[in-house]
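Peer 1: First the structure, then my questions, so here it is.
Taken together, the values in this text are just the output of simple stated rules run on the coordinates, not laboratory data. As the structure is a computational prediction, the values presented were derived from the model and not from experiment. When we count neighbours, we look across all protein chains shown, and the Cβ atoms used for this are built from the backbone with ideal geometry, even at glycine.
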Amino acid sequence: MTHHIPDMPPTDQWPIPDGADCAYCDSNQHTRWTGYEFHQYSEPVAWIPERHIWRCRACGAETRTPVTYWPTDDGPDCPTCLSPVTCWATFDPDHDGDLWICEHAHEFTLTPEGIVIPRTGEAA
């Protein structure tokens, strides 16, 4: 039986719909998640995933990103599709706030004042 690794890590570890940018050709359009880089911790022996490994389909280079578990259960509902399944993605570089994403890949910003701002082109 052939095992097929998915193109993306689990959503609680990588909530955005795009892969990591390739450090060599600066493109995320060709990267594919290939698995984890593990670190062995002491007694009892435990192998803990420490980094995601991404392989660029264009140039073949490998890029590593830290494994982070994002909060998934306390975000605002999506302003575009009203889905309650949202998770924190990153800090919003364009606004003072946090960038969130819903299960349908709609992105929106939550400001410190509690204002939800849909991303351009994603208004309901």
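Peer 1: For the range 47-109, run through the chymotrypsin sites (Phe, Trp or Tyr not before Pro) and keep only the ones in DSSP coil with at most 12 other Cβ atoms within 10 Å of their Cβ.
Peer 2: Tyr69
Peer 1: What does the net charge come to around Pro93 if you take all other residues with beta carbon closer than 13 Å to its beta carbon, with K and R at +1 and D and E at -1?
Peer 2: Spelling it out: positives minus negatives among the neighbours equals -4.
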